[in-house]
Structures are given as C-alpha cells and as structure tokens.
Amino acid sequence: MYIQKGSIKISVLSRTGKEAIVAMLGPGDFFGEGALTGQSIRIGTATATTLTTVLIIEKSAMFRLLREEQSFSERFMSYMLARNLRIEADLVDHLFNSSEKRLARALLLLARYGDQAGPDRRIPKISQETLAEMIGTTRSRVNFFMNKFRDLGFIEYNGDIKVNTSLLSVVLHD
C-alpha cells in the first residue's frame, strides 16, 4: 500500500494488551510489504490518524512493477533500505537513550527533519498518549518534557507542534 495523502500509524499489541506504536507514516510511504514475502499473519495494525488516501497495489501488480519498471523498483528498494536503517536506529535509540532524548528524536522525525526547508517544522496534531506509546514511556513524562522543550524554546505547541531545529541539541548532547 502507498500513502498518497494523510498519515498512518503502525502499532503492535502485546499479549497483555499493551499497544506500542512502531511507525508513523505519511505521504510517499509504503506499508503492508509483508504480503510480498508471503507473511500470512500481520504483526502490526495500520490505522489512519487523519483523513488519508491510500493506493492499494495488488500483489501480482507489485511483483510486475518491481520486475518491469526499473525506476519504480529502484525507488521501492531505496525506500525499504532507508526504512530498515530507521528501524535499526529506533531500536538503538530505545535501548540506549533516555525518554527525553527519545521524545526529542521522535518529534524531529515526525517533523521530517531534513526533508523540509526553513528553521521550523510543523507536526500535525498528535496526542501526548500517542507520543508516549511511540517512545515507551508514560503520558505524564511526555507532558513534563513537552513543557520543558517549550520553556527552552525548542518547540511551540497549542494543538499543532512547531519543532525548532534547536531541538537537535537535546538529541546530540551527551
């Protein structure tokens, strides 16, 4: 599946019922590629978080595109490799960084830091509960750090979140 507009969250559920958000995807992102590998059981759930348009590509059509359309095949392969690197970085982040650094990194990624020009990036409305699920902490910790980031001028928020590039200092500081 290919997201044309909107946003999708990919979440997993533990046996005890705890949800974890493993990805937030937007326009230009693919998901559901497990079907191409013969994965018979989904491990994650995709949920639209805003009004979203998704192009569903049938499995046989996707195989044909990958085989016959070199530019599409290269774009898809590049996307999958970049996403794999991102997943590895997310794992390292979760294993070794504090919840404050994980939140800062998550905000920068949601703002698609590096993909937009200018000193600030806006994030569509997202709840503190969702942010907490993304970084593996509580909503109250997210609230504490969001207020701290706002007081330090790293972000502005009152519904929408504006991320200033100065938030990078939280991620890069040892």
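The values are calculated or read from the model by the stated rules, or taken from the named source; none is laboratory data. Quantities reported herein were computed from a predicted structural model and do not represent experimental measurements. Note that each Cβ is placed from the backbone with ideal geometry, even for glycine, and that neighbours are counted across all protein chains shown. Note: areas computed on protein heavy atoms with side chains; ligands, DNA, RNA excluded. Shrake-Rupley method; radii C 1.70, N 1.55, O 1.52, S 1.80 Å.
One table, with the values for the structure above:
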| read-out | value |
| --- | --- |
| Counted residues, region 28-59 - those being in contact (Cβ under 8 Å) with a residue 60 or more places away in the chain and open to solvent by less than 50 Å² (accessible area, probe 1.4 Å) | 0 |
| Residue check for S14: closer than 28 Å to L103 by Cβ and loosely packed, with under 12 Cβ neighbours inside 10 Å | yes |
| Residue tally, condition open to solvent by 90 Å² or more (accessible area, probe 1.4 Å), within 30 Å of T130 (Cβ to Cβ) and basic (K, R), over region 60-83 | 1 |
| Within region 17-27, tally of residues that are open to solvent by 20 Å² or more (accessible area, probe 1.4 Å) and in a loop (DSSP other than H, G, I, E, B) | 3 |
| Test: residue in region 53-72 that is modelled with pLDDT under 90 and not aromatic (F, W, Y) | no |
| Those residues of region 28-59 which are among the polar types (S, T, N, Q), farther than 28 Å from R122 by Cα and either touching a helix residue (DSSP H, G or I) at 6+ places or on another chain (Cβ under 8 Å) or not in a loop (DSSP other than H, G, I, E, B) (or both), in sequence order | T37 |
| The listed residue being assigned to a helix (DSSP H, G or I) and touching a strand residue (DSSP E or B) at 6+ places or on another chain (Cβ under 7 Å), out of L66, L103, L108 | L108 |
| Within region 126-148, considering residues that are without any contact (Cβ under 8 Å) to a residue 60 or more places away in the chain and not in a helix (DSSP H, G or I), the one most open to solvent (accessible area, probe 1.4 Å) | T138 |
| Members of region 149-162 found to be free of Cβ contacts under 8 Å to residues at least 40 places away in the same chain and either in contact with a Ser or Thr (Cβ under 6 Å, 6 or more places away or on another chain) or farther than 14 Å from A111 by Cβ (or both), listed by number | R150, D151, L152, G153, N158, G159 |
